[in-house]
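First the structure, in the form of structure tokens, and then the observations on it.
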Amino acid sequence: MDPGRTKTAKRYLVYADGACLGNPGPGGWGVVIVEPPSEHQELSVGPVPNTTNNRMEITAAIEALRALEPGAEVTLRSDSEYVIKTMTLGWKRNVNRDLWEQLDREVAHRKVRFEWVPGHAGNHWNERADELARAGAQGKEPPAGAAPSKPPAVEATPEETRLAQQIETMLGEGETIRKCAGCGRAFVAGKTGETHCSLVACQLKARQKRRAAR
């Protein structure tokens, strides 16, 4: 590698959620690393005794970032307005200062964009993070469902979203818009539930995976 060039930072999409049975009460947190697909994993911990929902929400964000290498570019999504608006709008930190300081330290080592998503609104990965957090609070093993067989709806750039909306009315029976598990780009998948687009490199990955599974 040319010593004058810097290594391109890896980009991640993560969902983080916290839960508490009572406030205060036993709590847990859950994290899903969604992208890149090769790094997909789930993290959860609990029960944490005598905690609060807000503390678990902040802890989930902290642990999501700790799981990623310094220098990474991260989009962190949460349904906690408390976390998102504190980090983006400067809400006052009257309590939980110990956790806010930890979160600030993790953010300082990465390029992080915080995004709010509505809770319990059908977002697959947000619901999964919630499942993990609740299972942690209950001291249970999380239910199965780490990696769905069919990728969820496209998590895309504004331009990709615009194009996807344009083509939706033209889709044939059984066709859907998915995100390639190889390159991450949106593509039109048929009835057979493809997970990789038609690019040769992505098809090679898909076929090698199928062969290895035989």
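The values are calculated or read from the model by the stated rules, or taken from the named source; none is laboratory data. Keep in mind the model is a prediction, meaning the values are calculated, not measured. Ideal geometry is used to build each Cβ from the backbone, glycine not excepted, and the neighbour counts take in all protein chains shown.
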inquiry  = Please go through (1) among the basic types (Lys, Arg); (2) under 22 Å from residue 10 (Cβ atoms); (3) part of a loop (DSSP other than H, G, I, E, B) for residue 128 and return the number of the only condition it doesn't satisfy.
reply    = (3)
note = Only unsatisfied item for residue 113, checking (1) surrounded by 14 or more Cβ atoms within 10 Å (Cβ to Cβ); (2) within 15 Å of the chain's Cα centre (by Cα), is (1)
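Only one residue in 187, 114 is in a strand (DSSP E or B), at pLDDT below 80 and touching a Ser or Thr at 6+ places or on another chain (Cβ under 8 Å). Which one?
Only one candidate qualifies: 187.
Does residue 147 qualify as being aliphatic (A, V, I, L, M) and at pLDDT below 75? Talk me through it step by step, then tell me what you get.
On the way: aliphatic (A, V, I, L, M): yes; at pLDDT below 75: yes.
Against the criterion (aliphatic (A, V, I, L, M) and at pLDDT below 75), residue 147 qualifies.
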remark   = By residue number, the members of the stretch 40-77 that are more than 19 Å from residue 142 (Cα to Cα), within 17 Å of the chain's Cα centre (by Cα) and part of a strand (DSSP E or B) are 73, 74, 75, 76, 77
